[in-house]
1. Cα centroids of the stretch B:32-54 and the stretch A:93-112: how far apart, whole angstrom?
2. Leaving ligands, DNA and RNA out of it, rank B:Lys16, A:Lys117, B:Lys22, A:Lys97 by accessible area with a 1.4 Å probe, largest first.
3. Calculate, for A:Glu135 and A:Arg62, the FRET efficiency according to 1/(1 + (r/R0)^6) with r their C-beta to C-beta distance and R0 35 Å; round to the nearest 0.05.
4. Let me know the mean shielding of B:40-50 by other chains, meaning the per-residue number of their Cβ atoms within 10 Å of its Cβ.
5. When the accessible area of each residue in the stretch A:115-136 is compared between its chain alone and the complete protein assembly (1.4 Å probe; ligands, DNA and RNA ignored), which residues differ by at least 30 Å², being lower in the assembly?
6. Of all the accessible heavy-atom surface of the stretch B:5-78, with the other protein chains kept in place and a 1.4 Å probe, what percent is carbon and sulfur?
7. Between A:Arg122 and B:Ala13, with labels modelled 7 Å along Cα→Cβ, what's the label distance in nm to one decimal, could you check?
8. Over the stretch B:4-83, with the other protein chains present, what is the accessible area per residue in square angstrom, probe 1.4 angstrom?
Amino acid sequence: MTRPSTAVATARMPQLSPEPCGKVRRASHDLMAKAARRRYVGNVTAMPSDANATPRRISLPRTIRAIKQALTAEQRAQFMAELEDIEAGGLRAVVEKWWLTAVLNLSGTWERVEQVKAGTARTAPIEDVIPDFAERFEQFHGQPYVGHVGR
Amino acid sequence: MSYSLVITEEISAMVKSPPMDKFTHAMFIEAMINLPVDPHGVGSLVRSEGAFTTRTFSVGPHGLITYVVDETTATVTIVDVTWLG
């Protein structure tokens, strides 16, 4: 049995060098690009949307530790204060509320919320996205959809 | 009171694009139809500041829609769609 030489074995592995070239450079670039898009917070990952408008994918355990890691310092202080005052029966609701806040932190949603509040977000009426929306609405609710046209 | 429903351009592209499969798309539309009637009656409150309320609701096992209710203009804006897990 012949063993691959050291030169062959190492040639198959991506090498980190100051000036990567060819396939290695591209592989390294791809890895860095992926790492840049994916934000790590402990055992939490967040993959923001890219150019083809795929949904942001967030994985965040509903544990106090994971939630704390994904909160800002101010939010963390509020979360901990609420935890200290909550009675056992209310624990689930508090954890759920702050878990949602943490998820929105990781997905960058708050920036978009602020744009909406400031009136700077680029928006379109739902009828432009779902052309038969008004028809579906009326079928479901038995009343016409007012929307922007009716205002 | 009835609200008008708008959607950010980024999320609009997401809804129209292939990554949102037919099943999820159908659930998304069903959720949208309920929003103009009672946006405060569905989903979970996340934050409330002045006339603006930020809420989320789930679409299927993994989808999470975030929307902002503006009481001044009676507008609901779909801000984000996030996949969980």
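The values are calculated or read from the model by the stated rules, or taken from the named source; none is laboratory data. Note that this is a predicted model, so its numbers are computed, not measured. Neighbour counts are summed over all protein chains in view; Cβ atoms, including those assigned to glycine, are modelled from backbone coordinates with ideal geometry. Please note that ligands, DNA and RNA were not included when accessible areas were found on the heavy atoms of the full protein model with its side chains. Shrake-Rupley method; radii C 1.70, N 1.55, O 1.52, S 1.80 Å.
1. 15 Å
2. B:Lys22, B:Lys16, A:Lys97, A:Lys117
3. The calculated FRET efficiency here is 0.35.
4. The per-residue average across the peptide is 2.
5. A:Val116, A:Lys117, A:Arg122, A:Thr123, A:Ala124, A:Ile126, A:Val129, A:Ile130, A:Phe133, A:Arg136
6. Solvent-exposed carbon and sulfur of the stretch B:5-78 make up 56 percent of the total.
7. Going from the A:Arg122 label point to the B:Ala13 one covers 0.8 nm.
8. 38 Å²
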